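> Let me give you the structure first, and then I'll get to my questions.
The values are calculated or read from the model by the stated rules, or taken from the named source; none is laboratory data. None of the values given here were measured: they were computed from a predicted structure. Don't worry about glycine lacking a Cβ; one is built from the backbone with ideal geometry, like all the others, and counts go over all protein chains shown. For the accessible areas, the whole protein counts, side chains as well, though only heavy atoms, and no ligand, DNA or RNA atoms are used. Shrake-Rupley method; radii C 1.70, N 1.55, O 1.52, S 1.80 Å.
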Amino acid sequence: MHRNKLHISLLAVSVLMAAAGSATAADLYAGGATFPAPAYVGDLYNSLTPKARLSRDAAITAPAVAFSVAALGNSTGSNVPVFAKYHTLYAADAVSYCQTGSGTGKKVLNNDTLVASGNCGDASSAAATGFSALGTAPDFIGTDSPISTADYNTFNTNVSSTRTAIVQIPTIAGAIALPFKDNAATGLTSVALTTQQVCQIYSAQITDWADSRLGLTLSGSPHPITIAYRSDGSGTSFAFTSYLAAQCNGKFGVAAGYFKPDQSFAAAVTQAGSLPAYAAVSPQSGNSGVVSKVKTTTDALGYADIAEVLSQGVMYASVNGFDPAALPASISITPANLLSGQVLNGATTAAVPGSAPAAAKNCLRLVSPTAPISSAYPIVAITYVAGYYAGNGAAKITPIKNLFKLFYDTTNRPALPTGYAYVDGNALFRSSVVSSINSCIN
């Protein structure tokens, strides 16, 4: 190992390690979704210039890189990121996480033109080619765009001979906020939207903040809405467009099938070969890029995780009277809505493809896209960690299990940032997931 392991002899840590059955030390190299980053790694990546795409525990020093790297932690408050808490519980183990977006994360998992040892880079640099890991395969990825048939077929072609199957575990839910550029001079300082108004804006029926259907009292006119959206493959885009498809299609003047859930926002909303007739658009990389653009663009509207919006101090809309910053600490999803061996293709589930044994295929766990989350802010993404059934290596099997199970450890897991919630409010749901983690990481 590349760091001193004497500190693991502390009695309290030794007890924790023994209870977990851990006998080895490991650094875990991962990346993918930007949506859960504030919960996973904290917000210190925002404070660096250029902004960091890579966050990793201070215990990890290899490989050395020439770009900005953020520590795990938060700039304000006492919240401890999940990956930082993991290191305090298992002092010999630590996590490195590169924010690439879910689409790139799945490419790395599937060895689809990208490998984990590729360059992560700064958020201002060219697209990441990997996670800046020591090896070509990741230890896990984060994704809020669940594994699809196409993703799994790519895995079967490239990786299944050594890894057997994909393990996918739900971790947290997060509110997708709608940040807007406030303007005190015109009176655009507070926006309360309904589902109908959200549908009309994103279907380009409403393209100006001064439209009477929004009920805002503004001075001056016009106020054309610039739609800021993710340019990269994004689980945030997938979750947001899934909401649009479920809540808008066939209603409020929106044609049936108008929105199509996709990790590409442009693909999800494209009609007749082009984007809807928005007043203006601004594609941006990463949730932080979307929020930064909204912050500096007159009359802009975007979508991003609420923690990123709050971190950058940008105003956001309520929806149906609910505040995205007011999710409960844990939400309850019934066990019937926790599927096994099912991939998600847009809004439709299908059986995991390939010839792996059923027990291995069932390690792909999926929260049903129709699972209800009632009496709360309605635009919510479920985010997952995904890894491999086999071939993880003796030194990393237990550390990966411990990290995945931390999301379901009601005694030791940390409080999440505002707008995030654990998904295990139902005890049977929790025990089912933990059972999968114990049997599926080999």
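> Once the principal axes of the Cα atoms of the range 314-395 are found, what is the range along each, listed largest first in whole angstroms?
The Cα atoms of the range 314-395 stretch 48, 33, 22 Å along their principal axes.
> Give me the one-decimal Kirkwood hydrodynamic radius in Å for the range 189-310, with the sum taken over alpha-carbon pairs.
For the range 189-310, inverting the mean 1/r across all distinct Cα pairs yields 14.6 Å.
> Now, a different point. Using a 10 angstrom cutoff on alpha carbons, build the Gaussian network for the chain and name the most mobile of S145, S234, S318.
For the chain, modelled as a Gaussian network with Cα springs under 10 Å, the answer is S318.
> Might you tell me the accessible area per residue for the range 364-421, computed with a 1.4 Å probe and given in Å²? Walk me through the numbers on the way to the answer.
Working: 1850 Å² over 58 residues.
About 32 Å² of surface per residue is accessible.
> Please work out the C-alpha center-to-center distance from the range 352-386 to the range 195-246 and express it in whole Å.
Each part reduced to its Cα centre gives a spacing of 27 Å.
> Also: Taking 7 Å along the Cα-to-C-beta vector as the label spot, tell me the T194-A359 distance in nanometres, rounded to one decimal.
Placing both labels 7 Å along Cα→Cβ, they lie 5.4 nm apart.
> Which one of A336, A30, A66 has the biggest mean-square fluctuation once the chain is modelled by GNM with Cα springs under 10 Å?
The residue that fluctuates most here is A66.
> Could I ask something else about it? Taking H placed 1.01 Å from N in the peptide plane, check which residues at least 5 places from Y229 or on another chain put their amide H under 5 Å from its amide H.
So Y229 has HN proximity to S282, Q284.
> Right, something else. Tell me what the chain gives for mean residue ellipticity at 222 nm when only DSSP H runs of n ≥ 4 count, each as -39,500 (n - 2.57), the sum divided by the residue total, rounded to 500 deg cm²/dmol.
-7500 deg cm²/dmol
> Continuing with this model, one more query. Using the crude model of +1 on Lys and Arg Cβ and -1 on Asp and Glu Cβ, and no other charge, please compute the dipole size for the chain relative to its Cα centre, in debye to 20.
Numbers: 23 positive and 20 negative charges, 133 e Å.
Around 640 debye, computed over the chain.
> Turning to a different aspect of this structure: No other cysteine beta carbon under 4.7 Å away is the test; run it over the chain and list who passes.
none
> Mind listing the long-range amide H neighbours of D208? Cut-off is under 5 Å, sequence gap 5 or more, other chains count too, H placed in the peptide plane at 1.01 Å from N.
Counting only residues 5 or more places away or on other chains, the set is I225.
> While we're looking at this one, here's another question. Skipping prolines and chain starts, which residues have an amide H placed within reach, meaning under 5 Å, of the one on V380, given they are 5 or more residues away or on another chain?
Under 5 Å from the amide H of V380: I176.
> Could you pull out every one of the lysines with an alpha carbon less than 17 Å from that of K251, ignoring same-chain neighbours closer than 8 positions?
K251 reaches K260.
> Would you look at the GNM of the chain, springs on alpha carbons closer than 10 Å, and say which of A267, A175, A421 moves the most?
Judging by the Gaussian network model, the answer is A267.
> Work out, in µm²/s and without decimals, the Stokes-Einstein translational diffusion coefficient of the range 219-291 at 4 °C, 1.567 mPa s, Rh from Kirkwood over C-alpha pairs. Don't skip to the answer; put the middle values down first.
Numbers: Rh = 13.0 Å.
Rounded to a whole number, D works out at 100 µm²/s.
> In the P(r) worked out for the chain, what percent of Cα pairs fall beyond 42 Å? Let's see the in-between values first.
On the way: 11400 of 97461 pairs.
When all Cα pairs of the chain are counted, 12 percent exceed 42 Å.
> For D232, what accessible surface area do you get with a 1.4 Å probe? Give it in Å², rounded to 10.
Around 30 Å² of this residue is reachable by solvent.
> What whole-number volume per residue, in cubic angstrom, does the convex hull of the C-alpha atoms of the range 53-133 give? The partial results should precede the final answer.
Numbers: hull volume 8.6 nm³, N = 81.
Hull volume over Cα atoms, normalised by residue count, gives 106 Å³.
> A further question on this structure: State the Kirkwood hydrodynamic radius of the range 82-241 in Å, one decimal place, computed from all pairs of distinct Cα atoms.
Details: mean 1/r = 0.0526 Å⁻¹.
Value: 19.0 Å, from the Cα pair sum.
> Right, something else. Just the projected area, averaged over all directions, of the convex hull on the alpha carbon atoms of the range 369-432: how many nm²?
Hull-based average projected area comes out at 6.0 nm².
> I'd like the Karplus ³J(HN,Hα) series for the range 332-344: coefficients 6.51, -1.76, 1.60, θ = phi - 60°, whole numbers in Hz, and an x wherever there's a Gly or Pro.
9, 10, 5, x, 4, 9, 9, 8, 10, x, 10, 9, 10
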